[in-house]
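S.K.: To start, I am sharing the structure in question, which I have written as structure tokens.
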Amino acid sequence: MSRTARAELLEALAQLSAAFPDWRFGQLVANIATAAKGPKTEAIWDCEDDELLAAAHRLLERNRERPAVTSPATTVANLAQPDAPART
């Protein structure tokens, strides 16, 4: 996966995290893998990054009307560095 594609996937994860603030991170990843591969135990292991990204985009599109919760924890920079101050 290229750096740009990885950054795009991380941004999609951040957006989904904002849309579904009650989901723990593991639930977020598991739900995206299930959306990509179906409800199979091996989905999370077998899922390719491009499949995850496509599934994340579908989930975002389906839940576009859902109000987003904005917090410092939902930015990619803060997901990578949890102790970093929030950017404004």
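S.K.: How much length would be gained if the chain were fully extended between ALA5 and ASP49, taking 0.36 nm per residue of separation minus their Cα-Cα distance, in nm to one decimal?
M.R.: Contour length minus the Cα-Cα distance gives 15.0 nm.
S.K.: Let a ≥ b ≥ c be the square roots of the eigenvalues of the Cα gyration tensor of the stretch 1-63; is it rounded (a/c under 1.5), or, if not, prolate (a/b larger than b/c) or oblate?
M.R.: oblate
Just so you know, all these numbers are worked out from the coordinates, no wet-lab data involved. Model, not experiment: these values are computed from the prediction.
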